[in-house]
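J.: What follows is a single structure, and I will ask about it in a moment.
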Amino acid sequence: MIRKDKPVTVRGETRAVDAYISTFPADIRVILEQLRKVIHESAPGAQEAIRYGIPTFMFHGTLVHFGAFEQHIGFYPTPSAIRAFEEELRPYPHAKGSIRFPLDKAIPLDLVRKMVRFRVEENLALAKAKG
């Protein structure tokens, strides 16, 4: 059974994300680890943290967040990424800055990869503009 309560917030980079993932059943842990791996592959050098009680990847600022919930995996790539991939996101419930990937369907990892790369480029451009 997936937790319905608020996720545990733990301090410390990778250990905190490990601790978060470890609280879920094995089938959900597999999905979360796949998502984590795709994010790392798409954003080499990104740092892990827990923000808002869920795993967060930082790369020149916040990159993306993800979390597991009772019926879905939440993915939070910012509103700009949602707008940029609006057409590809049509099959998934989404809002201004969030996407819900239902647990009974495969996560579209190629789409996640593209969104993360988009966010990397966006954050690099913002960092360059700031000097």
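J.: Among the residues of segment 44-61, how many are part of a loop (DSSP other than H, G, I, E, B) and either closer than 15 Å to Glu33 by Cα or among the aliphatic types (A, V, I, L, M) (or both)?
T.: 1
J.: Let me ask another. Can you find, within segment 47-56, the residue that is farthest from the chain's Cα centre (by Cα) among those that are crowded, with 21+ Cβ neighbours inside 10 Å and touching a residue at least 24 places away in the same chain (Cβ under 8 Å)?
T.: Taking the candidates together, the pick is Ile50.
J.: Would you check which residues across segment 21-43 are outside any helix (DSSP H, G or I) and of a type outside the set (Phe, Trp, Tyr) and list them?
T.: Correct list: Thr23, Pro25, Ala43.
J.: So Ser22 clears everything in (1) free of Cβ contacts under 8 Å to residues at least 12 places away in the same chain; (2) closer than 16 Å to Glu122 by Cβ; (3) hydroxyl-bearing (Ser, Thr, Tyr) except one condition, right? Which one?
T.: Going through (1) free of Cβ contacts under 8 Å to residues at least 12 places away in the same chain; (2) closer than 16 Å to Glu122 by Cβ; (3) hydroxyl-bearing (Ser, Thr, Tyr) one by one, Ser22 breaks only (2).
J.: Residues in segment 115-131 that are under 13 Å from Phe75 (Cα atoms) and out of contact with any strand residue (DSSP E or B) (no Cβ under 7 Å at 6 or more places or on another chain): how many?
T.: So the answer is 1.
J.: Right, Phe66: in contact with a Phe, Trp or Tyr (Cβ under 8 Å, 6 or more places away or on another chain) and under 18 Å from Lys114 (Cβ atoms) or not?
T.: Yes: the conditions hold for Phe66.
J.: Okay, moving on. I'm told Val64 meets every condition in (1) more than 13 Å from the chain's Cα centre (by Cα); (2) part of a strand (DSSP E or B); (3) aliphatic (A, V, I, L, M) except one. Can you identify the failing condition by its number?
T.: Here Val64 meets the rest and fails (1).
J.: Return yes when Ser98 is polar (S, T, N, Q) and out of contact with any strand residue (DSSP E or B) (no Cβ under 7 Å at 6 or more places or on another chain) and no when it is not.
T.: No, not satisfied.
J.: Among the residues of segment 35-46, how many are under 11 Å from the mean Cα position of the chain (by Cα) and either under 18 Å from Gln71 (Cβ atoms) or among the hydroxyl-bearing types (Ser, Thr, Tyr) (or both)?
T.: So the count comes out to 1.
Residues checked against (1) at negative phi; (2) outside any loop (DSSP other than H, G, I, E, B); (3) loosely packed, with under 11 Cβ neighbours inside 10 Å; (4) free of Cβ contacts under 8 Å to residues at least 40 places away in the same chain:
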| position | (1), (2), (3), (4) |
| --- | --- |
| Phe75 | yes, yes, no, no |
| Ile82 | yes, yes, no, yes |
| Glu86 | yes, no, yes, yes |
| Arg100 | yes, yes, no, yes |
| Ala106 | yes, no, yes, yes |
| Arg117 | yes, yes, no, no |
| Glu121 | yes, yes, yes, yes |
| Leu124 | yes, yes, no, no |
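J.: Hey, any hits in segment 25-32 for a residue that's under 11 Å from the mean Cα position of the chain (by Cα) and at pLDDT 95 or above?
T.: Within segment 25-32, one or more residues are under 11 Å from the mean Cα position of the chain (by Cα) and at pLDDT 95 or above.
The values are calculated or read from the model by the stated rules, or taken from the named source; none is laboratory data. From a predicted model like this one, the values you see are computed outputs, not experimental measurements. Cβ coordinates were reconstructed from backbone atoms using ideal geometry, including for glycine residues, and neighbour counts include every protein chain displayed.
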